[in-house]
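Below is one structure, written out as structure tokens; the observations come after it.
The values are calculated or read from the model by the stated rules, or taken from the named source; none is laboratory data. Just so it is clear, the structure is predicted and the values come from calculations on it, not from any experiment. We place every Cβ from the backbone using ideal geometry, glycine too, and count neighbours over all the protein chains shown.
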Amino acid sequence: MEKRVYIETYGCQMNEHDTERILRLLEGAHYLETKNAQEADFILINTCSVREKAEHKVYSALGRYKWLKEKKGAMIGVAGCVAQQEGDRLLDRIPYLDMVIGTHAIPMLPQLLQKIEVSGERVCETSFDPEGIYLKTILPQEPLHKVKSYVTIMQGCDHFCSFCIVPYVRGREQSRPSREIIEEVERLVEMGVKEVCLLGQNVNGYGKGLKEEISFSELLHRVNEIEGLDRIRFTTSHPKDLSAELIRSFSKLKKLCEHIHLPFQSGSDKILKAMHRGYTKESYLDKINRLKKVCPSMAVTSDVIVGFPGEEEKDFEETLDLIQKVRFDDLFSFKYSPRKGTRAAQFTEKVEEKVKQNRLSVLQGIQKEITLQKNQEWEGRVEEVLVEGRSRQSDQDVTGRTRSNKIVNLEGDLSWVGKLVPVRVNKASPHSLRGRIVNSGSTCSPQCLLCQSG
Ligand code: SAM
Ligand code: SF4
């Protein structure tokens, strides 16, 4: 008999993608997705522990679903980074919780569910998988009805930045064999996918520990050869490991989009050292210059942390200076959040909450203006847009993205979904662009919808 699963996802793309993988896996065990928790036989909270705020959300989500366990007998589970970090402690703390499933244990989910169903036992599985079997993806059987997809190429991280919990909850770097990745992308393309985003905490580390000798740039070259695929993106790249070969790939590979997410975290060399990032402000700026030299239209986004222990006003000024120098297309900014078990959590020179908040507001104000100005630079240009679906703003509009990853809304037809269309950008706003389809093939690719139809 078919059952229903409801998954609530917190955190990064990695978690979003894990949720997709879990849903595919559970389909095989006759659990189909529901978007309504009240219909669910199994409720799974896929968690993030990168910052304290994200971790707290897990406990309030669990509190929200307690009554569904009590009144309807739904099973409740926690997956992801908090599950990995807390393990059995979660079962002790939350008496109505049935399952804790760590980041490497996803493939065991159907068996664990069965165990609970049969025995009524509560289960916790958080062991790490040294063989990397957990990285295997179940390939989709049905058309996906989507234009773009994530593809995990590696997991874990060996960097141990002093603020970061990821290496502890995701384990050491493990790469998937290239053959598996290529097969997955080919299958996705057969199912209608036009754009893939290759996922890893540190994609530049791809290939380490594999039997084959392959670098991340070589993998990109192979994915670029796949017929029917239009676009390739990747995330995340560590500035220290951004190789000259990878920078050159942006000029060589037609399908590789002109956008890079390159987290810098701080503009102060003192703070970068304490963070154990392995680069300086100058070397970060040098990498950006090299990227822009190879590809002048490159869009750059980044992550930054304010209020790291020991951050003085002059360090924060360095961060603002870096922001003004690079002029990021967009920036994800966070207040430092101490994570138990990381080295920085022991650092004593804490920055007051009030100061952190103030620095964050100043930084976000500056970036907001830069983002708008960067978007305005696209006004008047004709850009290739991959149409993804109906716009949320209007039934007359479709939405898509440029190669530089800008959202574009335009009046259009749903038959354009999955097609590349040339769009003249008329108006920029802080979060998106507005445009109109044009008939000239000035920036068209061979797959362009209008050019094909003559
Ligand atoms: N692997 C990526 C890299 O090397 O930059 C980052 C992965 S992490 C999940 C995403 C972002 O969360 C980081 O770039 C950092 O800005 C932020 N972050 C991580 N730990 C944090 C902490 N303890 N406090 C605040 N922000 C944090
Ligand atoms: Fe965390 Fe640093 Fe690894 Fe990124 S590179 S996941 S910030 S430890």
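For this structure, a couple of remarks:
- Every listed requirement among (1) modelled with pLDDT of 95 or more; (2) over 25 Å from Gln84 (Cα atoms); (3) surrounded by fewer than 21 Cβ atoms within 10 Å (Cβ to Cβ) is met by Lys194 save one, (3).
- Some residue of the range 323-344 being more than 16 Å from ligand 2 (Cβ to nearest atom), closer than 30 Å to Gly171 by Cα and in contact with an Asp or Glu (Cβ under 7 Å, 6 or more places away or on another chain): no
- Of all the criteria given as (1) more than 22 Å from Val196 (Cα to Cα); (2) within 21 Å of the chain's Cα centre (by Cα); (3) assigned to a loop (DSSP other than H, G, I, E, B), the one not satisfied by Gly267 is (2).
- Being among the polar types (S, T, N, Q), part of a loop (DSSP other than H, G, I, E, B) and surrounded by fewer than 21 Cβ atoms within 10 Å (Cβ to Cβ) is a condition met by at least one residue of the range 209-216.
- The listed residue being away from ligand 1 (no atom under 11 Å from the Cβ) and more than 13 Å from Leu229 (Cα to Cα), out of Arg176, Arg170: Arg176
- As a summary of the residue check, Ile165 satisfies the conditions (1) within 16 Å of ligand 2 (Cβ to nearest atom); (2) aliphatic (A, V, I, L, M); (3) touching a helix residue (DSSP H, G or I) at 6+ places or on another chain (Cβ under 6 Å) except for the one numbered (3).
- The strands (runs of 3 or more DSSP E) falling completely within the range 321-422 that include 1 or more residues that are more than 21 Å from Cys197 (Cα to Cα) and away from ligand 1 (no atom under 16 Å from the Cβ) map to 382-390, 397-402, 407-411.
- Within the range 102-127, residues that are touching a residue at least 60 places away in the same chain (Cβ under 8 Å) have Cβ atoms under 8 Å from residues that are of a type in the set (Lys, Arg) and in a helix (DSSP H, G or I) in these pairs: Thr103/Arg170; Ile106/Arg21, counting only partners at least 6 apart in sequence or on another chain.
- Verdict on Asp286 being more than 22 Å from the chain's Cα centre (by Cα), modelled with pLDDT of 95 or more and farther than 30 Å from Val189 by Cα: yes
- Members of the range 119-156 that are modelled with pLDDT of 90 or more, more than 16 Å from Gly102 (Cα to Cα) and either of a type in the set (A, V, I, L, M) or within 16 Å of ligand 1 (Cβ to nearest atom) (or both): Val147, Tyr150, Val151, Thr152, Ile153, Met154
- Residue that is farthest from ligand 2 (Cβ to nearest atom), among those in the range 188-208 that are closer than 14 Å to Thr152 by Cβ and in a loop (DSSP other than H, G, I, E, B): Tyr206
- Checking Val294, Val306 one by one, the residue that is within 16 Å of ligand 2 (Cβ to nearest atom) and in contact with a helix residue (DSSP H, G or I) (Cβ under 6 Å, 6 or more places away or on another chain) is Val306 and no other.
- The residues of the range 27-61 that are of a type outside the set (S, T, N, Q), surrounded by fewer than 21 Cβ atoms within 10 Å (Cβ to Cβ) and under 17 Å from Asp98 (Cα atoms), listed by number, are Ala37, Asp41, Tyr59, Ala61.
- Test: Gly80 is out of contact with any helix residue (DSSP H, G or I) (no Cβ under 9 Å at 6 or more places or on another chain) and of a type outside the set (Ser, Thr, Tyr): no
- Subset tally (residues that are among the charged types (D, E, K, R) and outside any loop (DSSP other than H, G, I, E, B)) for the range 159-184: 5
- Residue check for Arg339: among the basic types (Lys, Arg), surrounded by 16 or more Cβ atoms within 10 Å (Cβ to Cβ) and in contact (Cβ under 8 Å) with a residue 60 or more places away in the chain: yes
- Positions within the range 235-258 being closer than 25 Å to Gly156 by Cβ, away from ligand 1 (no atom under 16 Å from the Cβ) and of a type in the set (Lys, Arg), in sequence order: none
- In the range 254-270, residue farthest from Leu285 (Cα to Cα) [restricted to those that are away from ligand 2 (no atom under 16 Å from the Cβ) and touching a strand residue (DSSP E or B) at 6+ places or on another chain (Cβ under 7 Å)]: Lys255
- Residues (surrounded by fewer than 16 Cβ atoms within 10 Å (Cβ to Cβ), of a type in the set (S, T, N, Q) and closer than 22 Å to Arg401 by Cα) located in the range 232-257: Ser251
- Just one of the listed residues (Val123, Val100, Val185, Val118) is more than 16 Å from ligand 2 (Cβ to nearest atom) and closer than 21 Å to Glu227 by Cα, namely Val185.
- Looking across the range 217-238 at every residue that is outside any strand (DSSP E or B) and among the charged types (D, E, K, R), the one that is farthest from Asp303 (Cα to Cα) is identified as Glu227.
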